[in-house]
Amino acid sequence: MKRLSRRFYSRPTEELAPALLGKLLVCGDRVGRIVETEAYLGPADQASHTRFGKTARNEVMFGTVGVAYVYFIYGMYDMFNVVGYRGREAGAVLVRALEPIAGIGDDVKVASGPGKLTRAMGIRRSAHYGADLVTGGDLYIAGGARRAGAVATGPRIGVDYAGAWARRRLRFWIEGNRSVSRAR
């Protein structure tokens, strides 16, 4: 499978998020089709980890596009994001759900949420934070055709604290896909 290029990731996250739908997330021998994403923009986005500037936790969001930003949340889940932006901005796309293809079983809900996704795929902050998805090891995204279904948009999930940013339509999913975490 051919990895996506650095150029593919070099676009505003609100364009990258829907462009990732239908692509294949690969981690070793595990493969899933991306069916749901959320865009997190630069420092003005009050739901983004960049809102407080560059920190040890989020520094990869300010660096090279096409790398993994994996962070720990709620004391129990690793979350997988793809760094992508254009220019001198910062940002990342949270990959929220996968349709199983290989190595993660046949249950359509096995990776239907960002915490379930990282567990099913074996993605860990300790092993994959800052991993280069373009030239790196066993974690990457490959091209793939988008599955049947229109792209739906809606507000991101779990960011009510972000004021008006919580209502922005920065969540994207393949409508009708049974592996999506939540249909709205």
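Only the coordinates and a few stated rules stand behind these numbers; no lab work does. None of the values given here were measured: they were computed from a predicted structure. Reconstructed Cβ throughout: ideal geometry from the backbone, glycine too, with neighbour counts over all protein chains shown.
Quick notes on this structure:
- Cα-centred dipole magnitude for the chain, charges only on beta-carbon of K, R (+1) and D, E (-1), debye, nearest 20: 260
- For the pair Ala142 and Asp29 in one chain, pulling the backbone fully straight at 0.36 nm per residue adds 39.4 nm over the alpha carbon distance.
- Per-residue [θ]222 nm for the chain (sum of -39500 (n - 2.57) over DSSP H runs n ≥ 4, rounded to 500): -2500 deg cm²/dmol
- Using the Cβ-Cβ distance between Tyr161 and Glu15 with R0 = 22 Å, the FRET efficiency computed as 1/(1 + (r/R0)^6) comes to roughly 0.30.
- Ignoring lysines fewer than eight residues from Lys109 along the same chain, the ones with Cα atoms less than 20 angstrom from its Cα are Lys23.
- Computed over the chain with a Gaussian network model linking Cα atoms closer than 10 Å, the most mobile of Thr135, Thr55, Thr37 is Thr55.
- Scaled against 2.2 N^0.38 Å for its residue count N, the alpha carbon radius of gyration of the chain is 0.92.
- Residues in segment 25-31 carry Karplus couplings, in order, of 8, 10, 9, x, 9, 9, 9 Hz; the curve used is 6.51 cos²θ - 1.76 cosθ + 1.60 with θ = phi - 60°, and Gly or Pro positions show x.
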